[in-house]
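K.L.:
Input: one structure, supplied below.
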Amino acid sequence: MAKPEISAPPVQGATRFVSSLRYRDWRYLWIGLMTSQTGEWMDNIAINWLVYVQTGSPLALGTTQLARGLPNIFFSLVGGVIADRVDRRTLMIWTQLGNLVCTIVLAGLATAGSLDLPVLFVLLIVRGSVGAFFGPARGSVIGDLVPRSEIPNAVVLHSAVFNSTRMVGPAIAGILIAIIGSAFVLWINAASLAVCVLMLILMRVPPRAAAAMLSAWGSFVEGIRYVRRQPVVLMLLLLGIGPFILGQPYQSMMPVFARDVLQVGPQGLGLLTTAAATGSLVGAFVMTAFGDFSGKGRAMLLGLMAYGSLIAAFALSPWPIVSGLVLFLVGCSFQIYATTNSTLVQLIVPSEYRGRVLGIHQTDRGFIPLGSMLMGSIAQVAGAPFAVALMGGSLVIAALAVLAAVPRMRRLE
């Protein structure tokens, strides 16, 4: 049974840039994500700064990222299976409640001054685990809240959530950490998660067409078979892994650059992170205005090459202003890559497989901590600039190899 078209007022003038927000339930989800992601970015900055001030170790920062993101690898596939079997809204509510409880415990321990590293790592692992179930449900429900014609715009706005909040959250966190400390920032994240839960409660998701219900294992196997039968989908998923192993881990080294390389302190850390997020937001606006273009596959690969090159350039810059400008371009190039990649996946994969495929897709974020551990280990021996430059350059080589060896990817529309 085909999904009924969702009605909305006609698009007029500048509203085309946010046209998918005409749909009430997608708007609730978008507001909830915007709020909670702002808190999460503040939380990330606060925890990273807390760990580095306590330990002075790039390896400890890499381990923090490992605890935060590794559950994605183990649980995102399971989360994708569940997202295709249960009510996605209910799944999102319960996982965000679990995230909220863990964040309250983190904030309470930090306020009491009794948050040591082993406890921190355990709580981050739990939060990462519930996030691995939340992510596939969040991504797969978008196609249920807007009509197919609005999916590209909704995907861009979904990406804009993460990049605009990455611009605002770290800047606020850097200021607040310097004034009143990290614990207060963690309480702000708890409040933001409470708002997100409220938005999810208000949201309504249209019923999906009934499908033959396999066992959980059978559903998982069928999802894997679908990906294997679709070489384009498989390559898009594989392309999603590279930047999260070789590119995104540069963020875990940001405290090292802020304190030791560029010597700009916690305020500078927030501003440098904000520079990258500002670039991502600009990239999101560009994709919103011009996202319905031909040659999406070529744009994805070119954006990936630019992303790796600019990361290497950031690593080699000794000047804070230049570093900030380069990070702006890093964010912009990553947004072009990531948005085209996600849009192609959403457009190609049918709804009945979308949760499982996006569960696989979300494992890419689970590779960030592995890349962070690798980068932290190299940085421990050879310094953070060398480690970041080496991995950024490796990403460029990987993108060039795909561009040359798989011409079909360049022709994706």
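K.L.:
Pull up the stretch 279-290, narrow it to residues that are open to solvent by 10 Å² or more (accessible area, probe 1.4 Å) and either within 20 Å of PRO407 (Cβ to Cβ) or touching a Ser or Thr at 6+ places or on another chain (Cβ under 8 Å) (or both), then point me to the one that is modelled with the highest pLDDT.
P.N.:
Only one residue tops the list, namely LEU281.
K.L.:
Let me ask something else. Given the condition in contact with an Asp or Glu (Cβ under 8 Å, 6 or more places away or on another chain) and at pLDDT below 85, answer yes or no: does some residue in the stretch 331-352 qualify?
P.N.:
Yes; the residues of the stretch 331-352 include at least one that is in contact with an Asp or Glu (Cβ under 8 Å, 6 or more places away or on another chain) and at pLDDT below 85.
K.L.:
Checking the condition touching a Gly at 6+ places or on another chain (Cβ under 6 Å), of a type in the set (Val, Ile, Thr) and closer than 20 Å to GLY376 by Cβ, which residue from ILE125, ILE73 passes?
P.N.:
ILE73
K.L.:
Still on this model: Do we have any residue at all in the stretch 202-212 that's assigned to a helix (DSSP H, G or I) and modelled with pLDDT of 80 or more?
P.N.:
yes
K.L.:
Look through ARG148, ARG127, ARG138 and report the one residue that is open to solvent by 20 Å² or more (accessible area, probe 1.4 Å), basic (Lys, Arg) and more than 26 Å from ALA276 (Cβ to Cβ).
P.N.:
ARG148
K.L.:
Would you check if there is a residue in the stretch 36-52 being open to solvent by less than 10 Å² (accessible area, probe 1.4 Å), part of a helix (DSSP H, G or I) and within 30 Å of ARG148 (Cβ to Cβ)?
P.N.:
yes
K.L.:
Given the structure, is THR90 under 21 Å from the mean Cα position of the chain (by Cα), at pLDDT 85 or above and of a type in the set (Ser, Thr, Tyr)?
P.N.:
No.
K.L.:
Contact list please: Cβ distance under 8 Å, first residue in the stretch 257-268 and modelled with pLDDT under 80, second residue of a type in the set (Lys, Arg) and buried (at least 18 other Cβ atoms within 10 Å of the Cβ), pairs at least six apart or on different chains.
P.N.:
Partner pairs satisfying both residue conditions: GLY265/ARG259.
The values are calculated or read from the model by the stated rules, or taken from the named source; none is laboratory data. All values derive from a computational prediction rather than experimental measurement. Positions of Cβ are generated from backbone atoms using ideal geometry, with glycine treated the same way; all protein chains shown enter the neighbour counts. Accessible surface areas use protein heavy atoms only, side chains included; no ligands, DNA or RNA. Shrake-Rupley method; radii C 1.70, N 1.55, O 1.52, S 1.80 Å.
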